[in-house]
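Note sheet for the following structure.
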Amino acid sequence: MFKNDQVILDLWQQLEESLFLLDKNGKIILWSRGCEKEFGWPILEVLNKDRWNFLFIDERELEKITAEMSPLLDDSYQVKWRDKNKKEWLVRLRLRALQLGVVKDCYFLARAENISQKNEVAKELQKVRLLAKEKSLAVERATELLKQKEKLLLTNMTEMKHLYEQVKRSEAALQEKTDELETKVKELNRFNRLMIGRETKMVELKKEIGQLRARLGE
């Protein structure tokens with residue numbers, strides 16, 4: 001139907017979405033660039049296939065879909081596909097019947113969504129989120145520890161300040177006591193000097209009295 005319509009072929013092959021068109025026998029009529037990028041099968045190679053069974057890993061899945069292909073089909077399937085390199089993919093396949101052409105031939109518009117990649121991306125995203133959460137918890141824990149250390153440091157600094165003030169008060173009291181003691185020592189020294197001077201005077205006086213008595217006795 002579209003073999004001679006180069007414009008439609010060219011336009012379809014530029015589609016980035018994974019879309020393709022099947023006839024009622026399961027032969028691929030149109031194959032988008034999105035399908036080629038997603039599953040690795042070149043357009044020209046796919047269009048030469050008589051049936052699309054080369055995409056399926058499990059033939060029973062293909063048989064189930066084939067049995068349901070009718071002009072009323074509009075349904076989704078989850079199937080296992082293989083790409084050009086034989087790698088397996090989990091695919092969500094959306095099929096919708098189309099009536100095209102003058103004689104209303106039945107075709108099926110198909111959209112293939114590679115949900116394996118989405119699952120892998122979702123798993124990687126989950127890992128990233130989990131890692132981010134772990135890092136966030138680690139940051140919160142580190143922040144909490146830092147706050148505790150800051151609080152402890154402030155407490156220690158307050159205690160040290162109080163201790164320093166106590167030491168300063170003790171030093172002031174000690175200095176006051178020292179000053180009092182020095183004053184008393186000075187007073188005691190002055191008293192001692194007075195007493196010594198008085199005793200010296202008494203000795204001298206006794207000596208003079210003795211000499212006077214001696215003269216008077218003569």
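Counting only helices (runs of 4 or more DSSP H) that fall entirely inside segment 5-105 and contain at least 1 residues that are of a type in the set (Lys, Arg) and exposed (fewer than 13 other Cβ atoms within 10 Å of the Cβ), the qualifying elements are 33-39, 59-68. Of the residues Leu73, Leu55, Leu11, Leu22, the single one that is over 14 Å from Ala112 (Cβ atoms) and either in contact with a strand residue (DSSP E or B) (Cβ under 7 Å, 6 or more places away or on another chain) or touching a residue at least 40 places away in the same chain (Cβ under 8 Å) (or both) is Leu73. Suppose the filter is more than 16 Å from Arg94 (Cα to Cα), in contact with a Ser or Thr (Cβ under 9 Å, 6 or more places away or on another chain) and at pLDDT below 90; does Gln6 pass it? So Gln6 fails the test. Out of Glu159, Glu165, Glu150, Glu187, one residue alone is over 47 Å from the mean Cα position of the chain (by Cα), free of Cβ contacts under 8 Å to residues at least 24 places away in the same chain and part of a helix (DSSP H, G or I). It is Glu187.
In segment 63-95, how many are farther than 23 Å from Lys37 by Cβ and hydrophobic (A, V, I, L, M, F, W, C)? Break it down stepwise before answering.
Initially, segment 63-95 is screened for residues farther than 23 Å from Lys37 by Cβ, giving 63-75.
Checking the rest, the ones that are also hydrophobic (A, V, I, L, M, F, W, C) come to 65, 67, 69, 72-73.
Number of matching residues: 5.
The values are calculated or read from the model by the stated rules, or taken from the named source; none is laboratory data. This one's a predicted model, so the numbers in the text were calculated from it and none came from an experiment. Here Cβ is always computed from backbone atoms with ideal geometry, including for glycine, and neighbour counts include all displayed protein chains.
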